[in-house]
Structure formats: C-alpha cells, structure tokens
Amino acid sequence: MLEVKNLHVKIADEDREILRGLDLVVKPGEVHAIMGPNGSGKSTLSYVLAGKPDYEVTDGEVTLDGADLLAMEADERAARGVFLAFQYPVEIPGVANMTFLKAALNAQRKARGEGEILTPDFMRLVRSEAGKLAINQDMLKRPVNVGFSGGEKKRNEILQMAVLQPKLCILDETDSGLDIDALKIVSEGVNALRSPDRAFVVITHYQRLLDHIRPDFVHVLSKGRIVRSGGPELALELEAKGYADYVGEAA
Ligand code: ADP
Ligand code: MG
Ligand code: MG
C-alpha cells in the first residue's frame, strides 16, 4: 500500500535535512508504530505523507498503491484515502463540525466520481459513529474543534476517520494530552476501524497508547532514519530503557 524509499526531506529555506534516508513499507491490514525521541522527525514524516507545504523532498520516493504520492496535492491524497490525525487539531471557527464532515466526505466522493451523499444517509452515519465515540449532538453542531477539550478534539478526529473511511490512517501523537478514559475511547475507535484493507501508521513518543492499539510492527526513528524495527516487544523495551541510545537531532 505505502512504500517509502530513501526519503530525504528538508525544511524549505533551510539547509538542515530532517529526514535522511527513511525506508518504510506498510501493507494493507497492518498497524505500524513509529516511536522515537523528540525532534527525530516523526511529525515531519506525517506531514510529508499528508502533503503539507513547507517541506522539500530532496531525494527518494513515496508510492501509494504504486502511484507517486509526492506528485499529488494534499486534497488528492485525502481523496485517495490518506488521513492524517494531527498532533494539534486545527480549529475552524464559523464552520459547524457536521457541515465540515459532510463537505470533507463529499469532496472525497467527488474525487472518486461518486455523487453527494443524501442528507438523511449522512445524518444516520454521523449519529451512529458519533454515538460510538461518546460525541454528543452539541459537539456536532459547534464549530470544528473550537472550545473542544483535548480529549474532545481527539475523539473528533476518530469521528472524522470513521466517517471518511480512509485507506491509510496516520496518527501523530494522538495520545498526547489524553486522560485514560479518552485514551480508551480513541483506541477503541481505532481498533474498530482496523480491517484487512486499511493500514495505520501510529506515531507516538510513549508506549502506553500501544497497550491499547497493538501494533504489528514497531520502528524506532532516530535522526531522520528508521534505525530499528521489530514487533510489539520493541515498544516495551523502549519504555523500559528510554531513548538514551537514540537521542540527538538530525545533522
Ligand atoms: P518529532 O515529531 O519527532 O518530535 P519533528 O518532525 O517535529 O520531530 O522535528 C524534527 C526536527 O525538525 C526538529 O529539530 C524540529 O525542530 C525541526 N523542524 C520541524 N518542522 C520544522 C519547521 N517547520 N521549521 C523549522 N524546523 C522544523
Ligand atoms: Mg516533537
Ligand atoms: Mg512530533
């Protein structure tokens, strides 16, 4: 599904390389955790995959189902099923959460050559998914993320995922700032979305999210490269030992 080969990335206007030859292969149905010290390039990887501007790819390639992902605009990537849950979810004043969700879903359908979803079908879908995530009617009517608590923002992201049904979900530190109840709701939401044709890249600094979302593979990102890969046991080892062996920023 996703193939990242020798990816080199720098910040536009700066000389410093943030990603320095990153390789990653993600197949349908798999959950990959990417762990690593602060500043190792985890968020940069998620932004580059989602198509955020300001990052310059200087070498390497990224394909999604064989198609050149880096050649696509961010909205085309989204239409093809790439979803990024941000570490800091954006607030959109003046746009009701429900309206935003419907627009996002219809944009995706349009890109696939499908017609707009019928309002009653949309309402049924949103109510059912929101119910599973303990998101109430009020949160659906309020402007996107405005005044939402940390936990509400994270649950709202999982709602977006549940409605948009992406092929590749990238979660960047979705666990940060969550109390244990919110963490459970988010993890259950993610687990409910696991399926043989959907993959997850779960980026986290801490092991605790992985107690709830069990990854198939764990990778350690250090100084812009994946320096170790293993199974879930690698996360436990990192939790016990810390990142002392891996610290330092990209050159
Ligand atoms: P992580 O998510 O692993 O903590 P980041 O990808 O956020 O790491 O950052 C990697 C490195 O790149 C850090 O040294 C960070 O300061 C730098 N960096 C990331 N984004 C920017 C940016 N937009 N401008 C300048 N430096 C950046
Ligand atoms: Mg960071
Ligand atoms: Mg980060």
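For the range 69-198, what is the convex hull volume of its Cα atoms per residue in Å³?
Hull volume normalised by residue count: 113 Å³.
Sorting 144-150, 162-168 by average packing, meaning the other beta carbons within 10 Å per residue, from highest down gives 162-168, 144-150. With contacts taken as Cα pairs under 8 Å at a separation of at least 6 residues, the range 67-214 carries a relative contact order of 31 percent. Across the range 198-203, computed HN-Hα scalar couplings (Karplus, 6.51 cos²θ - 1.76 cosθ + 1.60, θ = phi - 60°) run 10, 10, 10, 10, 9, 9 Hz from first to last residue, x flagging Gly and Pro.
Legend: distances between Cα atoms for K27/K153; K52/K153; K10/K153; pairs beyond 26 Å are K27/K153; K10/K153. Relative contact order for the range 1-41: 39 percent, from Cα pairs under 8 Å spaced at least 6 residues apart, divided by residue count. 3J(HN,Hα) along the range 215-221: x, 7, 9, 10, 10, 9, 9 Hz, from the Karplus curve 6.51 cos²θ - 1.76 cosθ + 1.60 with θ = phi - 60°, whole Hz, x for Gly and Pro. Each of G150, T58, G131 was placed along the dipole of the chain (beta-carbon charges, centred on the mean Cα), and the one lying farthest toward the positive end is G131.
How would you rank 59-68, 200-209, 223-232, highest first, on the average number of other Cβ atoms within 10 Å across their residues? Don't skip to the end; give the middle numbers.
Numbers: 59-68: 14.2, 200-209: 21.0, 223-232: 17.1.
Going by the mean number of other Cβ atoms within 10 Å, highest first, we get 200-209, 223-232, 59-68.
Magnitude of the charge dipole for the chain, about its Cα centre and with charges confined to Cβ atoms of Lys, Arg (+1) and Asp, Glu (-1), is about 700 debye.
Here each label is just a point 7 Å from Cα along the line to Cβ, and for A104 and R208 those points are 2.5 nm apart. Mean residue ellipticity, 222 nm, helices only, the chain: the sum of -39500 (n - 2.57) across DSSP H runs of n ≥ 4, divided by residue count and rounded to 500, is -11000 deg cm²/dmol. How large a share of the accessible area of the chain, in percent, is made up of carbon and sulfur atoms when the probe is 1.4 Å and the other protein chains stay in place? Carbon and sulfur together cover 51 percent of it.
Hydrodynamic radius of the range 1-118 by the Kirkwood approach over all distinct alpha-carbon pairs: 15.9 Å.
Accessible area per residue for the chain is 46 Å², calculated with a 1.4 Å probe on protein heavy atoms, without ligands, DNA or RNA. Here's how it looks for R225: its modeled amide H is under 5 Å from those of R20, which are all 5 or more places away or on a different chain. Shape summary of the range 34-97, radius of gyration then Dmax from alpha carbon positions: 13.5, 40 Å. Distances between placed amide hydrogens fall under 5 Å for I34 paired with V202, I203, T204, H219, all partners being 5 or more residues away or on another chain. Running Debye on the range 150-194 with equal point scatterers at the Cα sites and no solvent, what base-10 log of I(q)/I(0) appears at q = 0.18, 0.25, 0.27, 0.32 Å⁻¹? Calculated log10 I(q)/I(0) at the listed q: -0.46, -0.88, -1.02, -1.34. Label zone (D138, point 7 Å along Cα-to-C-beta; backbone nitrogen cut-off 19 Å) within the range 148-181: 148-157. Bridgeable aspartates and glutamates around K141 (alpha carbons under 19 Å apart, same-chain partners fewer than 8 residues away excluded): E91, D121, E129, E152, E157. Just so you know, the averaged projected area of the alpha carbon convex hull for the chain sits at 13.3 nm². The range 182-198 and the range 22-101 have Cα centres spaced 18 Å apart.
The values are calculated or read from the model by the stated rules, or taken from the named source; none is laboratory data. Every value quoted in this text rests on a predicted model; they were computed, and no experiment measured them. Heads up, the Cβs are rebuilt from the backbone with ideal geometry, glycines too, and the neighbour counts pull from every protein chain shown. Each accessible area value is taken on the protein alone, full model and side chains, heavy atoms only, with ligands, DNA and RNA left out. Shrake-Rupley method; radii C 1.70, N 1.55, O 1.52, S 1.80 Å.
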